[in-house]
1. A:ALA403 is checked against (1) part of a loop (DSSP other than H, G, I, E, B); (2) open to solvent by less than 70 Å² (accessible area, probe 1.4 Å) and fails just one. What number does that condition carry?
2. How many residues are more than 21 Å from A:MET100 (Cα to Cα), part of a strand (DSSP E or B) and not polar (S, T, N, Q) when one looks only at the stretch B:362-400?
3. Could you tell me whether any residue of the stretch B:363-380 is open to solvent by less than 20 Å² (accessible area, probe 1.4 Å) and hydroxyl-bearing (Ser, Thr, Tyr)?
4. Has the stretch B:215-234 got any residue that is within 9 Å of another protein chain (Cβ to nearest Cβ) and either surrounded by 15 or more Cβ atoms within 10 Å (Cβ to Cβ) or on the phi > 0 side of the Ramachandran plot (or both)?
5. Quick check on the stretch B:201-212. Is at least one of its residues surrounded by fewer than 18 Cβ atoms within 10 Å (Cβ to Cβ), modelled with pLDDT of 95 or more and polar (S, T, N, Q)?
6. If we only count strands (runs of 3 or more DSSP E) wholly inside the stretch B:111-223, which ones have 1 or more residues that are in the same structural domain as B:ALA250 (by TED's automatic domain parsing) and farther than 22 Å from B:ASN19 by Cβ?
7. Can you name the residue in the stretch B:12-22 that is at the interface with chain A (Cβ under 7 Å from one of its Cβ atoms) and open to solvent by 40 Å² or more (accessible area, probe 1.4 Å) and is also farthest from B:GLU156 (Cα to Cα) among such residues?
8. For the list (1) open to solvent by 50 Å² or more (accessible area, probe 1.4 Å); (2) within 14 Å of chain B (Cβ to nearest Cβ); (3) of a type outside the set (S, T, N, Q); (4) out of contact with any Gly (no Cβ under 9 Å at 6 or more places or on another chain), I need the number of the one condition that A:PRO262 fails.
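The values are calculated or read from the model by the stated rules, or taken from the named source; none is laboratory data. Keep in mind it's a predicted model, so treat the numbers as computed, not measured. All Cβ positions, glycine included, derive from the backbone under ideal geometry; neighbour counts span all protein chains shown. Only protein heavy atoms, including side chains, enter the accessible area calculation; ligands, DNA and RNA are left aside. Shrake-Rupley method; radii C 1.70, N 1.55, O 1.52, S 1.80 Å.
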Number of protein chains: 2
Amino acid sequence: MKAEIIAVGTELLLGQVVNTNATFLSEELAGLGIDVYYQSVVGDNPTRLEELLEYADKRSDLIVLCGGLGPTKDDLTKQVTAAHVGQELVQDEVGYQQLMNYFETRQRPMTENNLLQTLVFKDGRALQNTAGLAVGIFYTSAQGKHYLLLPGPPSELKPMFYHQAMPILKKYVQTNEQLISRVMRFYGIGESQLVTDLEDIIAQQTNPTVAPYAKPNEVTLRLTVKTNDEAQGIRQLDLLESRIQERVGAYFYGYGEENTLPQVVVELLREKQKTLTAAESLTGGGFQATLCDTAGVTDVFLGGFVTYSATTKANFLQIDPELLEKYGTVSAECVEAMATQARAMVDTDLAIALSGVAGPKELEGQPVGTTWIALATKDNVISHCYHFPRDRNYIRKSAVMAAFDLIRKELLK
Amino acid sequence: MKAEIIAVGTELLLGQVVNTNATFLSEELAGLGIDVYYQSVVGDNPTRLEELLEYADKRSDLIVLCGGLGPTKDDLTKQVTAAHVGQELVQDEVGYQQLMNYFETRQRPMTENNLLQTLVFKDGRALQNTAGLAVGIFYTSAQGKHYLLLPGPPSELKPMFYHQAMPILKKYVQTNEQLISRVMRFYGIGESQLVTDLEDIIAQQTNPTVAPYAKPNEVTLRLTVKTNDEAQGIRQLDLLESRIQERVGAYFYGYGEENTLPQVVVELLREKQKTLTAAESLTGGGFQATLCDTAGVTDVFLGGFVTYSATTKANFLQIDPELLEKYGTVSAECVEAMATQARAMVDTDLAIALSGVAGPKELEGQPVGTTWIALATKDNVISHCYHFPRDRNYIRKSAVMAAFDLIRKELLK
């Protein structure tokens, strides 16, 4: 199946927004075995969009449009595409109810233009939006061309693609062959090192293939096999994975495109019935906020401290100000005291403490990026020093991930 | 002048690389007053590139191609474009010398394929590459169409664009006009409501234009004027802005593409020399982490509490467990006590407290999304109830932003 992606939005043509949707969709469609031959961007202009749709009809079997499903006058993707394929626009009942509920719970008046968002093609399939109000559309024309209309915001587009569009597309891919994918996630090793360590494996592989992707603070490997025998495909992936685990298994932490290191840690804590607290300086609450992003965290986390200054370190955690004075707040002594005290005060199994230099200026004579992390258990406390590169934001995020990695290793002991 | 951008490279169509070149070029061309009407991506395939060039000739005056100028078999942008416009490819002398020097100083053998990189159109202009070996090309056809060929790596494309292409393009832009933009940021009003309130203003405007853009938890308006008199352009924007402020000024919080509500709040706190603490339940540290994302926060924030459970609310903040029992933890009484106690304990000017139901299940008989936020000052404490929609993540982010909005309003009193 030949596909193309059309992103609609003047903000893309003005260079105000990067077209990450095209990248995401291209990667996912490739994973389904669908060949993307073109990506295009066009502004909020009906004539030019119509023109592009005419070209697209000549060269593609699947036309994926994203953006322009919203409530404003600029949003015209549905209207133009409906006219192009000769479909009438009708209200989607589920989307309409969701819209009404949204404004009711917010106690705000619903303006008329919002109704545009819940229009769908009369003979198309409505794709529900779990993260927004604009309903998506899948439609197959009498000529057998498929049209997939998705919302522009990535936070809406991604779940709609995964949960609504993907199952439909899978049915249309013209082959008995299926692609089976397995995503392996690694923390603590860079992409170039991982690729070097696996160089011969990656070079040899044609089926299954191995594709590395660098993400912020981690690397994933996507193993993909094309097969018409599912059981055999899975055996091939198992074999390939075991070769990979042999070399870089020390950095492997979990499977799955939407998995995260914090999620793995929360699952481990629940499984082992351990509780956790935290005392954060450098990260200002970022570790605990990340922890609380995971549902089910209430079983393992009761609360913790943000001790951003020396004063709050001393007052909240009853740390001797002389210790802070003597060793400084960016030191093994400081984070070990923070972790030990926090654990004792909240009476948990584990406590993590983070302190460091986020910048822009150095602190206590230590360069930007210097980070100390301690982990206290009932009988012990350990600490590590890290030197994270780049800017404030990256340093803080890296510190949070390093803390989760420390806890994971402790729990697996 | 109407322009379009064609990025060439199969890696873009596989979703392995984000097309940031299109974003960069679009923004720069808009700055020159050149209208970009299309962006396209095509793989390393001569037939499909030739087809795209035919479309481009029909609809654009300037065609910017990027990528595919390198030494490998995949790199065919020059060859295909040369054939398309009927130009012979010849060696560029300056580029050839640079290539020879490169391999000489590195003491590596130069393989034949490298010579492809220094080919240029016989009647075109060579654009030298200060960061790589592939020479760029600018060419104007007998039909008056302009072709600009740039290398794919952003580190090569950007200097070549700024230093070589821009001076040429400026001569061709048939105008002294420039674009001046102003971004206004709003919190507390949805995109559809904002657009409704400003409907006639947006509809009337052709120059300056008003473009709304929804971002998570906020909306921005970009005001853009095309002018050949900078002072007059700024006056036009001022006039337009004052009409907008009259209607929706209550929701306006600041200017600029990269500004944020937390940044505005930290600046206000510093300006007014006020300090702040927080006690977070629902948001698990997310408010404080967001606060600490801003450099300079050390002057206004010493630390705070993550009181995720009733136990830590009682223990950390010395709140009477009977109060929590009687009113529940998702209540005005609870957040007011949290804010009052936190403020007193850290001895700050202000304290914010957040509690609510993040889901997935309801809590204390209250539905998912119910959120209470309190703000304590030395003499007073106020609280508000919110009902945020959608998922855990969205509810928590919305609560953090609502808290910043409360503080901003208090500081502006």
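1. Among (1) part of a loop (DSSP other than H, G, I, E, B); (2) open to solvent by less than 70 Å² (accessible area, probe 1.4 Å), A:ALA403 violates only (1).
2. The total comes to 9.
3. First, the residues of the stretch B:363-380 that are open to solvent by less than 20 Å² (accessible area, probe 1.4 Å): B:369-371, B:373-376.
Subset that is hydroxyl-bearing (Ser, Thr, Tyr): B:370-371.
Yes, the stretch B:363-380 contains at least one residue that is open to solvent by less than 20 Å² (accessible area, probe 1.4 Å) and hydroxyl-bearing (Ser, Thr, Tyr).
4. Looking through the stretch B:215-234, at least one residue is within 9 Å of another protein chain (Cβ to nearest Cβ) and either surrounded by 15 or more Cβ atoms within 10 Å (Cβ to Cβ) or on the phi > 0 side of the Ramachandran plot (or both).
5. No, the stretch B:201-212 contains no residue that is surrounded by fewer than 18 Cβ atoms within 10 Å (Cβ to Cβ), modelled with pLDDT of 95 or more and polar (S, T, N, Q).
6. Correct list: B:178-186, B:209-215.
7. So the residue we want is B:LEU14.
8. If we test A:PRO262 against (1) open to solvent by 50 Å² or more (accessible area, probe 1.4 Å); (2) within 14 Å of chain B (Cβ to nearest Cβ); (3) of a type outside the set (S, T, N, Q); (4) out of contact with any Gly (no Cβ under 9 Å at 6 or more places or on another chain), just (1) comes out false.
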